[in-house]
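S.K.: The structure under discussion is supplied below as structure tokens; questions concerning it will follow.
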Amino acid sequence: MLNLIDLCQKLIRFQSTTPQDDGIMDFLVQTLDSLGFCCHLLPYTNEDGSVVHNLYARRGTDSPNLCFAGHVDVVPSGVESSWSHPPFAANIHDGAIWGRGAVDMKGAIAAFISAVKNSDHKGSISLLITGDEEGAATHGTVKVIEWLKEHNEVIDFCIVGEPTSDKLIGDTIKVGRRGSFSGILTVTGIQGHVAYPHKAYNPIPNMLKLLTALNAAALDTGYDRFQPSNLEITSIDVGNAASNVIPESIRAKFNIRFNPNFTRLSLIEHIQSTLNAVDVPYTLDFPKGSEPFLTSAHPSMDKLSQAIQEETGSSPEYSTSGGTSDARFIKDIAPVVEFGLINSLAHKVDERVSLKDLEVLTRIYKRFIDLYFA
């Protein structure tokens, strides 16, 4: 069995950019099988024909079942020459392992497996690992949860190993997240020559009116333990390569992160009302999104806080800040929190994790396991 550092390096060296697997799931099966886990590979095919590889592994059959959830897929590394070390080499330099996924979140997976390696427990420990968290997230954790329900697998508490720490390992536990969904706004005109605007209809001015209305006012001022909701315009596109052609249509995309002041449905109604007040023809589409959630007080949250305090000397803050994770799906079947490495380098060039942080996180996970099953 590889030690913590070797295991983390090995995971990073798999080029598992979403939704590529590159053999990482087979490696995890081999690793967990050697630790006494019963492993289930769960591949699902996306609409474009690509395959999402997932894994559910469990050691033990009794309750309670403590689950660790995470993802092995990573975002693209970008221009490799911008990196100080090759993004999938997992080189050790200046006391850190460098590479894409070191923080988000292969390091946490290595830490949890290392913590489990020598743990003695009466109930069950499981891992729910997906290869589709950084992508569409339609054939990853969502599908594994369906499989768990079909096979009567019950999870009693779950930690998602996302990088939640802010400045020091253990300073933050995510106990909820804002909801998220995107909108696609389209305004249609009539294509024509810019010299004859009366024979065409330019959709761009009307789109600007609509976007100005959407961007004009704050959605709310916040909610207990949640940041204010915010709408961000993320793309405006006419697909027009010519400067002397009035385009036929224009499309804009926006994303909203919202707290419990809204539901997805009430927010859609609010957006439609705002746009209708502009009195401009438009079409609006909403891909499926997620609702906000907050994990209520739970004894296991206290034990995780205790483990952090005992290993670091500091007590963590409970937070709902940041983006989304697969916790938004897991919360439908089990109490769930997120806890992992420092997030400042996630998705960045020269992503890396310090060896010290990896070791501290492993000790926290190990102490929490012991407390959970005590």
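S.K.: Do the conditions hold for A307, that is, is it touching a helix residue (DSSP H, G or I) at 6+ places or on another chain (Cβ under 7 Å), in contact (Cβ under 8 Å) with a residue 24 or more places away in the chain, closer than 27 Å to N206 by Cβ and among the small types (G, A, S)?
M.R.: So A307 fails the test.
S.K.: S319: touching a helix residue (DSSP H, G or I) at 6+ places or on another chain (Cβ under 7 Å), crowded, with 19+ Cβ neighbours inside 10 Å, hydroxyl-bearing (S, T, Y) and not assigned by TED's automatic domain parsing to the domain that holds V238, yes or no?
M.R.: Considered against the rule, which asks whether it is touching a helix residue (DSSP H, G or I) at 6+ places or on another chain (Cβ under 7 Å), crowded, with 19+ Cβ neighbours inside 10 Å, hydroxyl-bearing (S, T, Y) and not assigned by TED's automatic domain parsing to the domain that holds V238, S319 comes out as no.
S.K.: Within region 246-274, how many residues turn out to be in contact with a Lys or Arg (Cβ under 8 Å, 6 or more places away or on another chain) and within 12 Å of L185 (Cβ to Cβ)?
M.R.: Within region 246-274, residues that are in contact with a Lys or Arg (Cβ under 8 Å, 6 or more places away or on another chain) and within 12 Å of L185 (Cβ to Cβ) number 0.
S.K.: Being under 21 Å from D6 (Cβ atoms) and among the small types (G, A, S) is the filter here, so list the residues in region 55-100 that pass it.
M.R.: Matches in region 55-100: A57, G70, A89, A90, G95, A96, G99.
S.K.: Restricting attention to region 122-130, does a residue exist that is in a loop (DSSP other than H, G, I, E, B) and over 21 Å from I24 (Cβ atoms)?
M.R.: Yes, there is a match, as at least one residue in region 122-130 is in a loop (DSSP other than H, G, I, E, B) and over 21 Å from I24 (Cβ atoms).
S.K.: Taking region 141-186 as the search range and keeping residues that are under 23 Å from L265 (Cβ atoms) and of a type in the set (A, V, I, L, M), which one is nearest to the chain's Cα centre (by Cα)?
M.R.: V142
S.K.: Follow-up question, since we're still on this one. For A307, indicate whether it is in a helix (DSSP H, G or I), hydrophobic (A, V, I, L, M, F, W, C) and assigned by TED's automatic domain parsing to the domain that holds P87.
M.R.: yes
S.K.: Also: Scan region 347-374 for residues that are surrounded by 19 or more Cβ atoms within 10 Å (Cβ to Cβ) and of a type in the set (A, V, I, L, M, F, W, C) and report the count.
M.R.: Qualifying residue count for the region: 7.
S.K.: While we're here: Residues to consider are V160, V154; find the one that is assigned by TED's automatic domain parsing to the domain that holds T31, at pLDDT 95 or above and surrounded by fewer than 21 Cβ atoms within 10 Å (Cβ to Cβ).
M.R.: Just one listed residue meets the conditions, V154.
S.K.: If I filter region 271-304 down to residues being among the charged types (D, E, K, R) and outside any helix (DSSP H, G or I), which single residue comes out as farthest from the chain's Cα centre (by Cα)?
M.R.: D279
S.K.: Can I ask one more? Is it true that I330 is assigned by TED's automatic domain parsing to the domain that holds G170, buried (at least 19 other Cβ atoms within 10 Å of the Cβ), under 14 Å from I364 (Cβ atoms) and not small (G, A, S)?
M.R.: Judged against the criteria, I330 is not a match.
S.K.: Here are G131, G107: which of them is of a type outside the set (A, V, I, L, M), touching a Ser or Thr at 6+ places or on another chain (Cβ under 8 Å), at pLDDT 95 or above and surrounded by 24 or more Cβ atoms within 10 Å (Cβ to Cβ)?
M.R.: So the residue among G131, G107 that is of a type outside the set (A, V, I, L, M), touching a Ser or Thr at 6+ places or on another chain (Cβ under 8 Å), at pLDDT 95 or above and surrounded by 24 or more Cβ atoms within 10 Å (Cβ to Cβ) is G131.
S.K.: Next up: If I ask for residues that are assigned to a strand (DSSP E or B) and either more than 29 Å from the chain's Cα centre (by Cα) or closer than 24 Å to D279 by Cβ (or both), which ones from region 206-234 would you list?
M.R.: L231, I233
S.K.: Now for a separate question. Out of (1) of a type in the set (D, E); (2) modelled with pLDDT of 95 or more; (3) over 22 Å from F368 (Cβ atoms), what's the single condition that is false for E47?
M.R.: Going through (1) of a type in the set (D, E); (2) modelled with pLDDT of 95 or more; (3) over 22 Å from F368 (Cβ atoms) one by one, E47 breaks only (2).
S.K.: Please go through region 262-316 and pick out each residue that is β-branched (V, I, T), buried (at least 19 other Cβ atoms within 10 Å of the Cβ) and closer than 30 Å to D166 by Cβ.
M.R.: T295, I308, listed by residue number.
S.K.: Further question on the same structure: What are the residues in region 161-205 that are out of contact with any Pro (no Cβ under 9 Å at 6 or more places or on another chain), assigned to a strand (DSSP E or B) and not hydrophobic (A, V, I, L, M, F, W, C), if any?
M.R.: Hits for region 161-205 are K174, G192, H193, Y201.
S.K.: Which residue out of V349, V337 is in contact (Cβ under 8 Å) with a residue 40 or more places away in the chain and more than 16 Å from the chain's Cα centre (by Cα)?
M.R.: Just a single option satisfies the conditions, and that option is V349.
S.K.: Look at S249 and say whether it is farther than 28 Å from P197 by Cβ and of a type outside the set (A, V, I, L, M).
M.R.: no
S.K.: Residue check: is D357 among the charged types (D, E, K, R) and farther than 15 Å from A108 by Cβ?
M.R.: Taking the combined requirement at face value, the residue does not satisfy it.
The values are calculated or read from the model by the stated rules, or taken from the named source; none is laboratory data. None of the values given here were measured: they were computed from a predicted structure. Because the Cβ atoms are built from the backbone with ideal geometry, glycine has one as well, and the counts that use them run over all protein chains shown.
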